[in-house]
Amino acid sequence: MSDNLIEVSNLVKHFEISGGIFSRNKRVIKAVDGIDFEIKAGESLGLVGQSGCGKTTTARSLCLLDPKTSGDVNFYNSESQKMESIDEIDDEGLRQFRRNMQMIFQDPYESLNPRWTIKDIIKEPLDIHNIGDLKDREEAVIEILKTVGLTPPQNYLSRYPHEISGGQRQRVSIARTLIMKPKFVICDEPTSMLDVSIRISIMDLMLNLAKELNVSYLYITHDLAVARYMCNRIAVMFNGKIVEIAESEELLQNPIHPYTKRLISSIPIPDPNYKRERYEVNYDELDKIISNNPDKKMIDIGNGHLVATHDTKGFFIET
Amino acid sequence: MSNILEVKNLTMHYETLDGDVDAVKNITFNVKAGESFGIVGESGCGKTSVAMSLLQLQAENGKISNGSILFDGQELVGMSENDLRKVRWDGISIVFQGAMNAWNPVVKVGEQIREAMREHNPKSTKSQNTEKINELFDMVGLDSSVSERFPHELSGGMKQRAIIALALSCDPKLVIADEPTTALDVVIQDQILNEIKNVQKLLGLSLIYISHDIAVIAEMTDKIAVMYAGSIVEMGPTKEVFNSPKHAYTKALLDSTPSIRGEKKKLRSLEGEPPSLIDKIDGCSFASRCPDRLTTCSPDEQMQLIEIKPEHYVDICSVKKENIT
């Protein structure tokens, strides 16, 4: 019996784009093209890559915001105590699933309804899932506001999003997410819009809550330094595929795939004494090799460090 | 090396219906010829307001109430609009934040650059200008065919490269880069930073680089000024400031930046939020968040930069603390 919370295998999400007269020219965008990963309970996995590589599409397919094209997503059901495929769950199961899987978005300025008070915003999930009576719900709101560090809670209940700062807004987003006591939270760049001095307090808050509430995160970011701070493991995505996945420190110390090397070498280092060496990659060639070899294989080089090979000769494995 | 830019006691406020917002308070700094000078700080600390006041491009309600800006020996404060036009782009050019979205969508990129060149140098012919553009494009890593394309045909990184070429089109002595890579992806950011560095070296440009990202500033600059709530709290050679930061805010900024190198360390966050600049703050604007606050600290004391080592300046309060501890 594995202690995986979520298992994804061969997840595919294609978008069909049509153009021309009567939409006769059809083109398929392979946003997510067969990815596999699993996340254990209480673990956080970072998903990094350039913009447009399919990070957000992966997240949206996972929580059924966009129906996936194919592939299996299995989620651990704590009631039946076994893995269940999200294709097979009924309506009640779906509600249960949604309760356990929540999402925090990038922009705290756009993800909160400007006409609602903070109390209404945080209480909404409880209303939708019909949990407790009105008094219970209000108590829960006050409790969760304390948890996310918005104290005293009474000061925030009747305020509107425009009356609080960006950092506080993101705390409200986190509160709204956690009030459902989810098992799994998808975070889509939750700190990239925040100022440096506030960013760390939000990241620390999320780390502490993960420990206390045993929540797993899928943490989407383009910043490897943030991923290293937040995540146990990191998966690197390129053009809809995961090319490398490993423990965070292992990935940074010992990257194998050329794209991972390129990504790591492009992160600025906050130390003026350090001279960074750029690792150059020919993207077109990389893309050609990858798309010419659809039968990608992930090779385990030890300790769960998986690297994609796109070539029978093991092109990307350097000895 | 001589100073290309000398800013002295620059003070600028925005007049609003709710009162005056003191965006830039009594700022003094120099930029030497060929040097790269960084301004770092959080949003709303006045970085961009400084850049805008240098060229007097701030919004209409922004008023410079005190100070002087000497560029290449010319005083820019109080200069007539006509004379300023000659300094803008010919002397100082600027790459705005998100400037890549400022291209006119219906005019070819090359023509838009030629337009600026015609305006500033009416004598040069079209073929001379085109030749110059090709040279500049080559420098920033663009193919010369890009000048015949429309902005929507280019990727974000290409548009930003073309913006840099535009900023260089009239041979300025000083380029102000205001968060030139903020909207870009990490890999593209890396390429653009590299391009800026190469061009700067090649042309011997002076550069003012503005960013909130301490890591980018560390790589791009020779000297930095750390800004907080409209004031410079610490200024000095980049290496020196990073190796031995003196001001509590500088330390907090450095401690709150994650890195992919070195030991994975616990990062430190700063309590509270920056003050609203509309409330008049007498004395130390950092006092309410300062982790090093001492009982002997007098928050009403005016902020003042003191030179503690050659070229390394820090706010007076940190100097006092240093002496006590």
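The values are calculated or read from the model by the stated rules, or taken from the named source; none is laboratory data. Because the structure is a prediction, the values reported are computed rather than measured. Note that we place each Cβ from the backbone using ideal geometry, even for glycine, and neighbour counts take in every protein chain shown. These area figures cover heavy atoms from the full protein model, side chains too; ligands, DNA and RNA do not enter into them. Shrake-Rupley method; radii C 1.70, N 1.55, O 1.52, S 1.80 Å.
Segment A:1-83 gives an Rg/Rh value of 1.09, both radii derived from C-alpha positions and Rh following Kirkwood. Computed with a 1.4 angstrom probe on protein heavy atoms, the B-A interface buries about 3500 square angstrom of accessible area in total. Of all DSSP-defined beta bridges confined to chain B, some 65% are antiparallel rather than parallel.
The mean number of Cβ atoms from other chains found within 10 Å of a Cβ in peptide A:259-269 is 5, as a whole number. Using only the alpha-carbon atoms of segment B:262-325 as identical scatterers, what base-10 log of I(q)/I(0) does the Debye formula give at q = 0.17, 0.18 Å⁻¹? Scattering profile of segment B:262-325, log10 relative to I(0): -0.75, -0.82. Counting heavy atoms of the protein chains alone, B:Trp89 has an accessible area of about 50 Å² for a 1.4 Å probe. Of all DSSP beta bridges confined to segment A:149-250, the antiparallel ones make up roughly 55%. Summarise the partner chain shielding of B:260-269 as one whole number: the mean count of Cβ atoms from other chains within 10 Å of each residue's Cβ. The mean count of partner-chain Cβ atoms within 10 Å per residue comes to 6. Computed from the Cα positions only, the extents of segment B:136-292 along the three principal axes stand at 56, 40, 31 Å, in decreasing order.
Averaging 1/r over each pair of different alpha-carbon atoms in segment A:1-154 and inverting the result gives 18.5 Å, the Kirkwood hydrodynamic radius. Volume of the convex hull of segment A:155-213 (Cα atoms only), normalised per residue: 96 Å³.
For helix B:126-139, report the angle its Cα long axis makes with the longest principal axis of the Cα atoms of chain B; keep it between 0 and 90° and round to the nearest 10°. Rounded to the nearest ten degrees, it is 50. With all protein chains in place and ligands, DNA and RNA left out, the 1.4 Å accessible area ranks B:Glu322, A:Glu244 as B:Glu322, A:Glu244, largest first.
Above 17 Å, the calculated P(r) of segment A:116-158 contains 23 percent of its Cα-Cα pairs. Karplus-derived 3J(HN,Hα) values for segment B:177-191, using 6.51 cos²θ - 1.76 cosθ + 1.60 with θ = phi - 60°, are 10, 9, 6, x, 10, 4, 7, 9, 5, 3, 5, 5, 4, 4, 5 Hz; glycine and proline are entered as x. Near the amide H of A:Met83, under 5 Å away, which other amide H atoms are found, from residues 5 or more places off or on another chain, if H is placed in the peptide plane? Amide H to amide H, under 5 Å and 5 or more residues apart or across chains, A:Met83 pairs with A:Asn77. If one computes the Cα centroid of segment B:140-182 and of segment B:265-325, what distance in Å separates the two points? Rounded to whole Å, the Cα centres lie 39 Å apart. Considering only B:Asp143, B:Asp190, B:Asp83, the mean-square fluctuation computed in a Gaussian network model of chain B, springs between alpha carbons under 10 angstrom, is largest for B:Asp83. Going by Cα centres, segment B:190-231 and segment B:24-68 are how many Å apart? The distance from the Cα centre of segment B:190-231 to that of segment B:24-68 comes to 15 Å. Shown in residue order for segment A:203-218 are the 3J(HN,Hα) couplings computed by the Karplus curve 6.51 cos²θ - 1.76 cosθ + 1.60 at θ = phi - 60°: 5, 5, 4, 5, 5, 5, 5, 4, 5, 5, 9, 6, 9, 9, 10, 9 Hz (x for Gly and Pro).
Counting only heavy atoms of the protein chains, get the accessible area per residue of the protein assembly as shown (1.4 Å probe) and round it to a whole Å² value.
Values: 29540 Å² over 644 residues.
Here the per-residue accessible area is 46 Å².
A quarter of the convex hull surface defined by the alpha-carbon atoms of segment B:60-136 gives 7.3 nm² as the mean projection. Counts of other chain beta carbons within 10 angstrom of each beta carbon in peptide A:190-200 average 6. The peptide list B:164-171, B:61-68, put in order of mean Cβ contacts within 10 Å with the highest first, becomes B:164-171, B:61-68.
When both bridge partners sit in chain A, DSSP labels roughly 65% of those beta bridges antiparallel. Rg over Rh for segment A:114-243 works out to 1.00, both radii taken from alpha-carbon positions and Rh defined as the Kirkwood radius. When both segment A:131-155 and segment A:37-76 are represented by their alpha-carbon centers, they are found 30 Å apart. Of B:Lys223, B:Lys201, B:Lys246, the order by accessible heavy-atom surface (1.4 Å probe, DNA, RNA and ligands excluded), from most exposed downward, is B:Lys201, B:Lys246, B:Lys223.
Across A:Thr177, A:Thr151, B:Thr48, the residue with the most accessible area heads the list, and the full order at a 1.4 Å probe is A:Thr151, B:Thr48, A:Thr177.
Let me have the 222 nm mean residue ellipticity of chain A computed from DSSP H runs of 4+ only, each contributing -39500 (n - 2.57), with the sum over all residues rounded to the nearest 500.
-10000 deg cm²/dmol
Phi-derived couplings, Karplus 6.51 cos²θ - 1.76 cosθ + 1.60 at θ = phi - 60°, listed residue by residue for segment B:206-212: 8, 9, 10, 10, 10, 7, 9 Hz, with x used for Gly and Pro. In whole angstrom, the protein assembly as shown maps to an equivalent ellipsoid with semi-axes of 43, 34, 24, each derived as √(5λ) from the alpha carbon gyration tensor and ordered largest first.
Look at the alpha carbon pairs under 8 Å that are at least 6 residues apart: their mean separation over the length of chain B gives a relative contact order of 20 percent.
Entry note, chain A: relative contact order of 20 percent, from Cα contacts under 8 Å with a spacing of 6+ residues. Taken over chain A, the percentage of Cα pairs per 20 Å bin, counting from 0 up to the bin with the maximum distance, is 30, 55, 15, 0.
Counting only heavy atoms of the protein chains and using a 1.4 Å probe, A:Thr309 has close to 10 Å² of accessible surface.
Directionally averaged projected area (segment B:130-170, Cα convex hull): 2.5 nm². For chain B, place one equal point scatterer on every Cα, skip the solvent, and apply the Debye formula. What is log10 of I(q)/I(0) at q = 0.08 Å⁻¹? Debye output, listed in q order: -0.39. When nucleic acids and ligands are ignored and a 1.4 Å probe is applied, B:Val314 ends up with an accessible area of around 0 Å².
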